[in-house]
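> Okay, handing you the structure first.
The values are calculated or read from the model by the stated rules, or taken from the named source; none is laboratory data. Note that this is a predicted model, so its numbers are computed, not measured. Note that each Cβ is placed from the backbone with ideal geometry, even for glycine, and that neighbours are counted across all protein chains shown.
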Amino acid sequence: MNDWSGRRLHFIGIGGAGMSGLALVCARLGASVTGSDRSDSSYMERLREAGLEPSVGHDSANLPEGAEVVVSTAIGEDNPELALARERVAEPIHRGALLAELCAEKRLIAIAGTHGKTTTTAMAVWALRAIGADPAFFVGGEVPGLGPDGGTANAGWGDGEWVVAEADESDASFLRLRPEVAVVTNVEMDHHTRWGSLAELHEAFRSFIGPARALVVPADEEMGWLGQRSEELRFDATTPGPPDLRLAVPGQHNRRNARAALAAIELAGLDVAGAAGALHGFAGVQRRLQLKGCRGAVHIYDDYAHHPTEVRAALSALRELDPSHLIAAFQPHLYSRTKALATEFGAALALADEIVVLDVYPAREEPVGELAGVSGLQVAQAAAERAGGRPVWWLPQPEAARRAIADILDRDQRSGSVLVTIGAGDVFKLGEALAIEPAQAGEAAV
């Protein structure tokens with residue numbers, strides 16, 4: 001085990017899901033940790049609870065002398081803290097490199113894939129804890145029950161021999177990891193500005209699994225291009241498994257996620273039957289079909305889905321609850337993704353009874369050049385073409401959407417009606433504003 005007590009690390013963008021987890025673990029291992037982010041968040045609050053003091057807002061004055069600077073792909077070259085670090089001739093550390101350094105301290109289960117990797121990682125960690133394996137972990141979302149005293153956490157450093165890490169292909173940082181057990185949940189084009197073609201993405205996944213001795217892949221997809229390992233398990237939603245496997249979270253995609261997590265545990269040589277029994281207590285990951293509250297008889301959920309496959313999976317899972325009326329409020333994420341997949345988004349949203357489409361959450365992108373003219377309107381038009389006459393609303397501004405949806409919900413008080421806000425941006429705030437009664441403490445995600 002390396003000595004981290006002599007390290008001084010400054011995280012630019014410390015409030016992100018991945019960066020905050022790295023910061024917490026580095027501090028737990030004895031490093032001196034500082035950082036900043038442009039705005040406050042629940043992740044920032046968790047850092048404060050751990051005794052750290054992240055700064056809100058970026059300023060060169062935030063950067064301590066002699067600190068190693070950690071950045072993610074989201075940090076622009078014009079960031080004042082990054083600019084000062086470069087003036088000091090201090091080459092920044094990419095978050096992926098730091099994650100790889102931490103994961104090299106233990107035996108690594110790395111979970112990659114276009115969809116499902118956050119939930120699959122969280123399920124694996126939950127189950128491993130339940131059987132006493134006490135893993136270290138890095139999850140790209142907030143998981144109730146994994147924190148101190150049963151609170152929420154996205155990272156931790158257990159005393160066991162294993163570390164479970166979500167492996168991110170969006171910026172190719174997963175290629176820095178050297179897993180002993182590699183999981184690939186599925187592979188589709190999602191990050192169109194990073195990967196020029198599906199063939200290029202396939203090659204990256206082949207490189208990701210290269211160091212692994214054991215591999216977990218889906219049985220119900222053609223994955224021959226990925227290659228094989230002598231130790232390999234295939235999973236799908238219907239794979240026969242331990243009889244104790246019962247899930248509190250619905251949806252075929254979650255059944256697939258659970259099978260993948262258990263396959264990884266089996267290949268690690270651990271108690272897969274005990275792990276399966278523990279997953280009944282897994283209540284989900286925040287922003288993955290999370291129950292936010294109610295407005296009268298209408299239950300309001302939120303989901304992070306930002307790809308057509310994920311939107312379809314979320315709406316299909318909610319259909320398992322047999323809602324009397326299912327309303328989907330969708331906020332596209334990134335102009336590049338919206339341009340590439342507007343038709344597919346419309347087809348997926350047509351699983352709802354009523355559809356509201358907001359404008360694009362741009363994140364790091366601008367609607368210029370080849371992205372000029374792209375908006376959520378293309379998604380709304382595609383949804384209307386597939387909705388068979390069911391209502392489709394184009395409400396680009398959040399406040400206008402809030403007022404219109406409030407009117408819809410207040411008129412529609414049938415028992416069992418459901419509203420779900422969908423997207424990786426800030427659409428969750430819409431559901432929070434519409435909910436009058438909060439979700440009850442201890443209530444399952446779905």
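> Being in contact with a strand residue (DSSP E or B) (Cβ under 9 Å, 6 or more places away or on another chain) and in contact (Cβ under 8 Å) with a residue 40 or more places away in the chain narrows it down to one of 96, 141, so name that one.
Sole residue among the options that is in contact with a strand residue (DSSP E or B) (Cβ under 9 Å, 6 or more places away or on another chain) and in contact (Cβ under 8 Å) with a residue 40 or more places away in the chain: 141.
> So, one more: Exactly one condition in (1) in a loop (DSSP other than H, G, I, E, B); (2) at pLDDT 90 or above; (3) hydrophobic (A, V, I, L, M, F, W, C) is not met by residue 420; state its number.
Failed condition: (1).
> What number of residues in the range 208-234 are at pLDDT 85 or above and surrounded by 12 or more Cβ atoms within 10 Å (Cβ to Cβ)?
Summing the residues that are at pLDDT 85 or above and surrounded by 12 or more Cβ atoms within 10 Å (Cβ to Cβ) in the range 208-234 gives 18.
> Can you name the number of the only condition in (1) part of a loop (DSSP other than H, G, I, E, B); (2) among the hydrophobic types (A, V, I, L, M, F, W, C); (3) surrounded by 13 or more Cβ atoms within 10 Å (Cβ to Cβ) that residue 89 fails?
(3)
> State whether the residues of the range 167-184 include one that is free of Cβ contacts under 8 Å to residues at least 40 places away in the same chain, of a type in the set (Asp, Glu) and surrounded by fewer than 24 Cβ atoms within 10 Å (Cβ to Cβ).
No: the range 167-184 contains no residue that is free of Cβ contacts under 8 Å to residues at least 40 places away in the same chain, of a type in the set (Asp, Glu) and surrounded by fewer than 24 Cβ atoms within 10 Å (Cβ to Cβ).
> Any idea which residue in the range 326-355 is surrounded by the fewest Cβ atoms within 10 Å (Cβ to Cβ), counting only those that are out of contact with any helix residue (DSSP H, G or I) (no Cβ under 6 Å at 6 or more places or on another chain) and of a type in the set (Val, Ile, Thr)?
327
Condition check ((1) closer than 25 Å to residue 190 by Cβ; (2) assigned to a loop (DSSP other than H, G, I, E, B); (3) touching a Cys at 6+ places or on another chain (Cβ under 6 Å)) across all residues:
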residue: 215; (1), (2), (3): yes, no, no
residue: 245; (1), (2), (3): no, yes, no
residue: 249; (1), (2), (3): yes, yes, no
residue: 255; (1), (2), (3): yes, no, no
residue: 266; (1), (2), (3): no, no, no
residue: 276; (1), (2), (3): no, no, no
residue: 287; (1), (2), (3): yes, yes, no
residue: 317; (1), (2), (3): yes, no, no
residue: 322; (1), (2), (3): no, yes, no
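> Would you confirm, using the coordinates I've provided, whether residue 182 is in a strand (DSSP E or B) and either on the phi < 0 side of the Ramachandran plot or in contact with a helix residue (DSSP H, G or I) (Cβ under 8 Å, 6 or more places away or on another chain) (or both)?
When the stated conditions are applied, residue 182 passes them.
> Would you point out the residue of the range 70-91, among those that are within 17 Å of residue 20 (Cα to Cα) and not hydroxyl-bearing (Ser, Thr, Tyr), that is farthest from the chain's Cα centre (by Cα)?
For the range 70-91, the residue satisfying everything is 70.
> Of the residues that sit in the range 120-150 and are among the charged types (D, E, K, R) and over 13 Å from residue 270 (Cα atoms), which one is surrounded by the fewest Cβ atoms within 10 Å (Cβ to Cβ)?
149
> With the condition kept exactly as written, say whether any residue in the range 424-442 is under 30 Å from residue 196 (Cβ atoms) and at pLDDT 95 or above.
no
> Right, next: When you scan the range 51-81, how many residues do you find that are part of a loop (DSSP other than H, G, I, E, B), more than 11 Å from residue 10 (Cα to Cα) and touching a strand residue (DSSP E or B) at 6+ places or on another chain (Cβ under 9 Å)?
Number of matching residues: 9.
> Scan the range 185-203 residue by residue and report those that are among the polar types (S, T, N, Q) and surrounded by 19 or more Cβ atoms within 10 Å (Cβ to Cβ).
185, 186
> Same structure again: Kindly indicate whether residue 149 is on the phi > 0 side of the Ramachandran plot, acidic (Asp, Glu) and not in a strand (DSSP E or B).
Spelling it out, residue 149 is indeed on the phi > 0 side of the Ramachandran plot, acidic (Asp, Glu) and not in a strand (DSSP E or B).
> Here is a further query. Here are some conditions: (1) surrounded by 21 or more Cβ atoms within 10 Å (Cβ to Cβ); (2) in contact with a helix residue (DSSP H, G or I) (Cβ under 6 Å, 6 or more places away or on another chain); (3) not hydroxyl-bearing (Ser, Thr, Tyr). Residue 395 meets all but one. Which one does it not meet?
Among (1) surrounded by 21 or more Cβ atoms within 10 Å (Cβ to Cβ); (2) in contact with a helix residue (DSSP H, G or I) (Cβ under 6 Å, 6 or more places away or on another chain); (3) not hydroxyl-bearing (Ser, Thr, Tyr), the lone unmet condition for residue 395 is (1).
> Take the residues of the range 45-60 that are among the hydrophobic types (A, V, I, L, M, F, W, C) and at pLDDT 90 or above: which is surrounded by the most Cβ atoms within 10 Å (Cβ to Cβ)?
47
Okay, residues lined up against (1) more than 23 Å from residue 193 (Cα to Cα); (2) under 25 Å from the mean Cα position of the chain (by Cα); (3) not assigned by TED's automatic domain parsing to the domain that holds residue 294:
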| residue | (1), (2), (3) |
| --- | --- |
| 359 | no, yes, no |
| 364 | no, yes, no |
| 372 | no, no, no |
| 376 | no, yes, no |
| 381 | yes, no, no |
| 403 | yes, no, no |
| 408 | yes, no, no |
| 417 | yes, no, no |
